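Working notes, structure below.
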Ligand code: UD1
């Protein structure tokens, strides 16, 4: 198994280009199932989860073409790698356990398969490292649109009699993929649906933008109340994926922790308000210029920050581990409250192996900044936890070896190359 070795000590300096957002491209790939013609998607990051989703779509019968060049979107050149999905050859509606167990986001084919083909069978995602993560909101939302759903033999089995019917549905909890699944199904329903207490994440907006480009009629995505006027069909088309705000935030935190100066390019600063605020509190100078964000720490040690994770636009749970890594070497004491996932402090014991001073009380972690961390072998436990270990490695004395890095490959494109380009020593070795 491959490992990553991070040599600590260098202050990051330079520019880095941000990739397309993992959490936007996954629902968008699944949304192509709803269309009557090929859909071209550009700015697609090369990530393990993208490959898994493409495999799932291919297994359902869709044609997949990867275009390493540039796909043009609405007459303008798109950014980066593209994928064209041709859903006209889909012949199966089963998402098997073997694929779903490796990636929870596979649940995102449920709504589209049901709405377009009348039936869907999707394996229950099961447990996962950061908590039990139920899918009851996905099921209830689709039932509100008239779907009949049973859970048998570990599979969610859904079908509809006639078209789905537009309805008002209030989510009990704010769920990102739950909102996306119900939204995708409502697009082809008869009449209007109103989704209340919907997730407001930028990735939901990007999905809605893509669906609208294919002929859907969705209003107010990005608010807690999304209105969907159902249409009979979606046509083919193209979409350019939103830049990844979590990757952006991760590089900004890396710059802040190492006392460096980094410019991220092709970012969407407006999706990062809460993260930028916290970096300013930590003492960083931040300048935003169009799609570029420059963070300058001027060689200073960051100040510890307190934060509480909550649905967008509040502070994202996917940035919690990285800020914890920063607090580990900051001046002062930082208190982090995790309110989204019940078991998302697994990076704590690994950070402690590097010499961090962290106390966990329930959903709260109290981090007392230390002057220095020291390298140790550590293990990645989930995607963002792994990112926090790379960040801690950047400031630790010596060479930190991170095992189980397949977690990182699920969500960070060209991680070693990007960090190396900023002057860090991050390299991959055979395990
Ligand atoms: C998505 C993101 C993930 C991010 C998370 C929270 C994708 C592919 N993944 O995950 O990176 O960390 O949002 O921002 O976009 N819940 C229920 N019932 C449900 C669904 C969720 O109780 O049916 C609970 C979950 O257990 C959790 C909370 O709601 O406590 C939020 O989860 P949710 O927003 O659904 O996370 P995901 O969509 O799985």
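Some points to look at:
- Within the range 304-321, residues that are under 20 Å from residue 332 (Cα atoms) sit with their Cβ atoms under 7 Å from residues that are more than 12 Å from the ligand (Cβ to nearest atom) and part of a loop (DSSP other than H, G, I, E, B), at 6+ positions apart or across chains, in these pairs: 304/330; 304/332; 304/369; 305/282.
- Members of the range 175-195 that are under 22 Å from the mean Cα position of the chain (by Cα) and more than 11 Å from the ligand (Cβ to nearest atom): 183, 184, 185, 195
- Condition check for residue 408: at pLDDT 95 or above, touching a helix residue (DSSP H, G or I) at 6+ places or on another chain (Cβ under 8 Å) and not in a strand (DSSP E or B): no
- Among the candidates 162, 141, 146, residue that is free of Cβ contacts under 8 Å to residues at least 60 places away in the same chain and either under 23 Å from the mean Cα position of the chain (by Cα) or within 13 Å of the ligand (Cβ to nearest atom) (or both): 141
- Which listed residue is over 18 Å from residue 105 (Cβ atoms) and touching a residue at least 40 places away in the same chain (Cβ under 8 Å), from 185, 189: 189
- For the range 212-234, a tally of residues being more than 16 Å from the ligand (Cβ to nearest atom) and either buried (at least 22 other Cβ atoms within 10 Å of the Cβ) or within 21 Å of residue 32 (Cβ to Cβ) (or both) returns 14.
- Every residue from the range 384-405 that is in a loop (DSSP other than H, G, I, E, B) and modelled with pLDDT of 95 or more: 398
- Filtered by the rule that a residue be in contact with a helix residue (DSSP H, G or I) (Cβ under 7 Å, 6 or more places away or on another chain) and away from the ligand (no atom under 14 Å from the Cβ), the range 306-322 gives a lone residue, 307.
- Being touching a helix residue (DSSP H, G or I) at 6+ places or on another chain (Cβ under 9 Å), surrounded by fewer than 18 Cβ atoms within 10 Å (Cβ to Cβ) and closer than 24 Å to residue 125 by Cβ holds for only one residue in 204, 173, 241, 187, and it is 173.
- Answer residue from the range 23-41, given it is under 14 Å from residue 82 (Cβ atoms) and buried (at least 24 other Cβ atoms within 10 Å of the Cβ) and is farthest from the ligand (Cβ to nearest atom) among those: 39
- Any pair with Cβ under 6 angstrom, 6 or more apart, that starts in the range 346-364 at a residue that is modelled with pLDDT under 95 and ends at one that is surrounded by 16 or more Cβ atoms within 10 Å (Cβ to Cβ) and not in a helix (DSSP H, G or I): 346/381
The values are calculated or read from the model by the stated rules, or taken from the named source; none is laboratory data. Owing to the predicted nature of the structure, the values given are computational and were not obtained by experimental measurement. Because the Cβ atoms are built from the backbone with ideal geometry, glycine has one as well, and the counts that use them run over all protein chains shown.
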